[in-house]
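Visitor: The structure under discussion is supplied below as structure tokens; questions concerning it will follow.
The values are calculated or read from the model by the stated rules, or taken from the named source; none is laboratory data. Computed from a predicted structure; not experimentally measured. Backbone-built Cβ (ideal geometry, glycine too); neighbour counts: all protein chains shown.
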């Protein structure tokens, strides 16, 4: 067994609100797992790597990405071919990894590109990209949010949703994304327009849970947020207008919330004279309510995950580290903001046994920073950070 020991670094393991000085861990190079760790004198290994008192923390997990998107395009991305999108998606994945994201969950991908790229990744044909929980195409109602060429399965009854869910799993999806409400980027609806019904979303939930898989619901306003919770989805995506009744239901059911604060913040910030007035107005009108409502949800104990909606307007694939700074605006400490990724995102994705924190027996996916992320929330925004997967440096 070949081994590798990293030593002489300050460790934030993702589990404890502290940094361990003069840390080290030893990795089995074949499995990429941590087999021993400690402080002060490191165990000898075939390869010894001195990290020179830098700060090590777990690789980031982003549970809401759209790798087939184009953050610089504002026409819905409907004019590109599958081949063009596939090339862009591969580059977007590499950008995600370079920013420190070592695992993603897709939440709707045109042409099932994520599924196809994951197959190539497993076959060893792609490198320098995060691991993926794939969704393939989302499930939307006809005329609903996400109704576009090759973007969604269109379903207008429980039976049609059931077939779409089964088709997605047949094609290789790891999770399911459903559209419970209108959205910022769809011209024919509003955030508070309910779309897929409780019964329709329940059909997706039943099929997914039969396979021990999860369902994410795009749900920005009410009553759609409530309907999605009642349908049994595992996570509410966006949740800008979550209210006390929704929070009560989510606490009772253990539903996660992915706030995608970057997506909501960047459109009003950069969209003037660029985006259509109707789209800009939707986002701008909701921004103050978003922070107010989500702050209440956080204070009441809702489990937040880390997701950015990467691929939405102005929301490029290198911005995940900036989401943590926005999470602190809800009242979180830096430690609590990072745990949205290290703990909650890993549990939602059902990968917590091997990923999320840096402990013995887990995969050595980590980033190396110049300053302490627990005292400086902007530390993770470092552009030239080192990024490792299974103990192998990628960037």
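Visitor: If you go through region 8-50, how many residues are over 23 Å from the mean Cα position of the chain (by Cα), touching a residue at least 60 places away in the same chain (Cβ under 8 Å), assigned to a loop (DSSP other than H, G, I, E, B) and crowded, with 18+ Cβ neighbours inside 10 Å?
Guide: The total comes to 1.
Visitor: May I pose another question? Closer than 21 Å to residue 313 by Cα and in the same structural domain as residue 146 (by TED's automatic domain parsing), is that true of residue 219?
Guide: Yes, satisfied.
Visitor: I'd like the full set of residues that are within 18 Å of residue 65 (Cβ to Cβ) and in a helix (DSSP H, G or I), limited to region 129-179.
Guide: The answer is 168, and nothing else.
Residues checked against (1) in a loop (DSSP other than H, G, I, E, B); (2) at pLDDT 95 or above; (3) crowded, with 22+ Cβ neighbours inside 10 Å; (4) in the same structural domain as residue 248 (by TED's automatic domain parsing):
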| site | (1), (2), (3), (4) |
| --- | --- |
| 297 | no, yes, yes, yes |
| 301 | yes, yes, no, yes |
| 306 | yes, yes, yes, yes |
| 323 | no, yes, yes, yes |
| 327 | no, yes, yes, yes |
| 332 | yes, yes, no, yes |
| 335 | no, yes, no, yes |
| 372 | yes, yes, no, no |
| 379 | no, yes, no, no |
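Visitor: Assuming residue 126 fulfils every condition listed in (1) closer than 21 Å to residue 192 by Cα; (2) in contact with a helix residue (DSSP H, G or I) (Cβ under 7 Å, 6 or more places away or on another chain); (3) part of a loop (DSSP other than H, G, I, E, B) apart from one, which condition is it?
Guide: (1)
Visitor: Which residues, taken from region 103-123, are assigned to a loop (DSSP other than H, G, I, E, B) and touching a residue at least 60 places away in the same chain (Cβ under 8 Å)?
Guide: Correct list: 107, 108.
Visitor: Would it be correct to say that residue 148 is modelled with pLDDT under 95 and in the same structural domain as residue 279 (by TED's automatic domain parsing)?
Guide: So residue 148 fits the description; yes.
Visitor: Take the conditions over 21 Å from residue 82 (Cβ atoms), assigned to a helix (DSSP H, G or I) and in contact (Cβ under 8 Å) with a residue 60 or more places away in the chain and apply them to residue 208. Does it pass?
Guide: The answer is no for residue 208.
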